[in-house]
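Undergrad: The structure follows.
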Amino acid sequence: MDFIKTTEQDSKYNHLEKMTLNELLVNINNEDHLVPQAVKKAIPQIEKLTKQIVNRLKNGGKLFYMGAGTSGRLGVLDASECPPTFGVSSDLVFGIIAGGEKAIRQAVENAEDSKTQGWIDLQNHNVSKKDVVIGIAASGTTPYVISALEKCNQNNIITGCITCNESSPLAKTAQFPIEVTVESEFLTGSSRMKAGTAQKLVLNMISTSTMIQLGKVKGNKMVDMQLSNSKLIKRGTQMIVNELNISDSEAKTLLLKFKNVRNAIENYNGN
């Protein structure tokens, strides 16, 4: 199959500037409704990659996301949410973006075009054969990401990808590709929209299901979450109240003593 960038194809909508505000919002929302169905079709691919991630992390490995622009920022976002949500180390899931920290907030010229910097960035974070590296690129053509995955393959590091074009160079490079084909954007070529939404949904699925498989959730609760604000302390206190049938004050004392919900419950002696 010839590679076609469906994410870059002309929008099915035209004369956007002539639409009313309501028409703009309704049409954007109509397009957004198509994204979950595209993700659903990719679940078998998502499952294959996630199994590899769970296995590697259970055996001392790490998970790296890497991308450029919106894709890179989404990887950084998902990685940064894992420690507060699941109480894991900040280097267990790590997001790398072309252009470094500066690129999180603003575009860095030509950063995504480098064919050497991606592998250098991974080495700077001590990537090893124990790890999994996921390249994220809506187009599936980003040199920074593709070249890094090529080096990973050469060094026996498991590779995956999340892309929104079928049969892209990135998908052909990754050992475990995830292809979520969302077709053209409402605003032609603006892949921060449907493609970005699709990537965020897939990242949510990967990180959340992985952490559940690693035992970081009890029932349906985030029992290892970090107590980083009063809202989470209150939530954790209520979890303990519900689990142990004790008072709010007892539960909060336990929580603050043992630093998270799991430890508080496991160390409660009923006295």
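Undergrad: State the number of residues belonging to the range 1-24 that are farther than 20 Å from Gln175 by Cβ and either outside any helix (DSSP H, G or I) or touching a Ser or Thr at 6+ places or on another chain (Cβ under 9 Å) (or both).
TA: Residues that pass the stated criteria total 15.
Undergrad: Next question, about the same structure. Go through (1) farther than 24 Å from Ile178 by Cβ; (2) part of a loop (DSSP other than H, G, I, E, B) one by one and return the number of the condition Asn27 breaks.
TA: Here Asn27 clears every test but (2).
Let's see how each residue does on (1) in contact with a strand residue (DSSP E or B) (Cβ under 7 Å, 6 or more places away or on another chain); (2) under 26 Å from Arg56 (Cβ atoms):
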| position | (1), (2) |
| --- | --- |
| Ser207 | yes, yes |
| Met211 | no, yes |
| Lys216 | no, yes |
| Met222 | no, yes |
| Asn229 | no, no |
| Arg235 | no, no |
| Ile246 | no, no |
| Ala264 | no, no |
| Asn269 | no, no |
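Undergrad: So which residues in the range 186-205 are surrounded by 20 or more Cβ atoms within 10 Å (Cβ to Cβ) and either touching a Phe, Trp or Tyr at 6+ places or on another chain (Cβ under 9 Å) or more than 13 Å from Tyr65 (Cβ to Cβ) (or both), if there are any at all?
TA: Ser191, Met193, Lys194, Ala195, Gly196, Thr197, Ala198, Leu203
Undergrad: Which condition breaks for Asp224 when tested against (1) under 21 Å from Leu92 (Cβ atoms); (2) assigned by TED's automatic domain parsing to the domain that holds Gly95; (3) touching a residue at least 40 places away in the same chain (Cβ under 8 Å); (4) not aliphatic (A, V, I, L, M)?
TA: Condition (2) is where Asp224 drops out.
Undergrad: Among the acidic types (Asp, Glu) and touching a residue at least 12 places away in the same chain (Cβ under 8 Å): which single residue out of Glu8, Glu23 fits that description?
TA: Glu8 is the lone residue from the list that is among the acidic types (Asp, Glu) and touching a residue at least 12 places away in the same chain (Cβ under 8 Å).
Undergrad: If Ser71 satisfies all but one of (1) modelled with pLDDT of 95 or more; (2) surrounded by fewer than 19 Cβ atoms within 10 Å (Cβ to Cβ); (3) among the small types (Gly, Ala, Ser), what's the number of the condition it fails?
TA: (2)
Undergrad: Mind checking which pairs have a first residue in the range 162-189 that is assigned by TED's automatic domain parsing to the domain that holds Met66 and at positive phi and a second that is assigned to a loop (DSSP other than H, G, I, E, B) and modelled with pLDDT under 95, Cβ under 6 Å, 6 or more apart or different chains?
TA: Listed by first residue and then by second, the contacts come to Ser167/Met1; Ser167/Phe3.
Undergrad: Looking at (1) small (Gly, Ala, Ser); (2) buried (at least 22 other Cβ atoms within 10 Å of the Cβ); (3) outside any loop (DSSP other than H, G, I, E, B), find the lone condition where Ser209 falls short.
TA: Just one mismatch for Ser209, condition (2).
Undergrad: Also: When you scan the range 138-161, how many residues do you find that are in contact (Cβ under 8 Å) with a residue 40 or more places away in the chain and part of a helix (DSSP H, G or I)?
TA: Number of matching residues: 3.
The values are calculated or read from the model by the stated rules, or taken from the named source; none is laboratory data. Being a predicted model, the structure only gives us computed values, none of them experimental. Cβ: placed from backbone, ideal geometry, glycine included. Neighbour counts: every protein chain shown.
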